[in-house]
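Read through the structure below, which is laid out as structure tokens, and then see the notes.
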């Protein structure tokens, strides 16, 4: 492989990460301009979960917390399942969900579709 091809590949890789970061920034800007308060316990990292909202300092997504809550777990039980989280972080994730239900529901749907696709391709 030539140096030019390696360089071009590197440019496209960097461009991909820049686009992910830009998408996350657009969402954050939209929230600020729509009057949503920032969520100090919630973060987006383009390098993790494609900038899906996660609990800051962890790899645990807001989606994962919401799904556990939907299964009937209380915030205290979610903290027991994820001992690295505080009760405040779990409540913040649920608060983020209630302010951004369409976004998180979309992530839940995408995750369920990917799971079914994996199961279907594994059974053939």
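The values are calculated or read from the model by the stated rules, or taken from the named source; none is laboratory data. Keep in mind that what you see is a predicted model, and the values were worked out from it rather than measured. Here the Cβ positions follow ideal geometry from the backbone for every residue, glycine too, while neighbour counts run over all protein chains shown.
Structure notes:
- Segments classed as helices (runs of 4 or more DSSP H), wholly inside the range 13-124, with at least 2 members that are surrounded by fewer than 16 Cβ atoms within 10 Å (Cβ to Cβ) and at pLDDT below 85: 101-123
- Within the range 9-23, residues that are more than 19 Å from residue 44 (Cβ to Cβ) reach partners that are at pLDDT below 85 and exposed (fewer than 11 other Cβ atoms within 10 Å of the Cβ) with beta carbons closer than 9 Å, at six or more positions or on different chains, in the pairs 9/1.
- Boolean, residue 100 is closer than 30 Å to residue 13 by Cβ and touching a residue at least 60 places away in the same chain (Cβ under 8 Å): yes
- Single condition residue 52 does not satisfy, out of (1) closer than 16 Å to residue 28 by Cα; (2) out of contact with any helix residue (DSSP H, G or I) (no Cβ under 9 Å at 6 or more places or on another chain); (3) touching a residue at least 40 places away in the same chain (Cβ under 8 Å): (2)
- Entry remark, the range 88-124: residues being touching a helix residue (DSSP H, G or I) at 6+ places or on another chain (Cβ under 8 Å) and more than 17 Å from residue 54 (Cβ to Cβ) number 0 in total.
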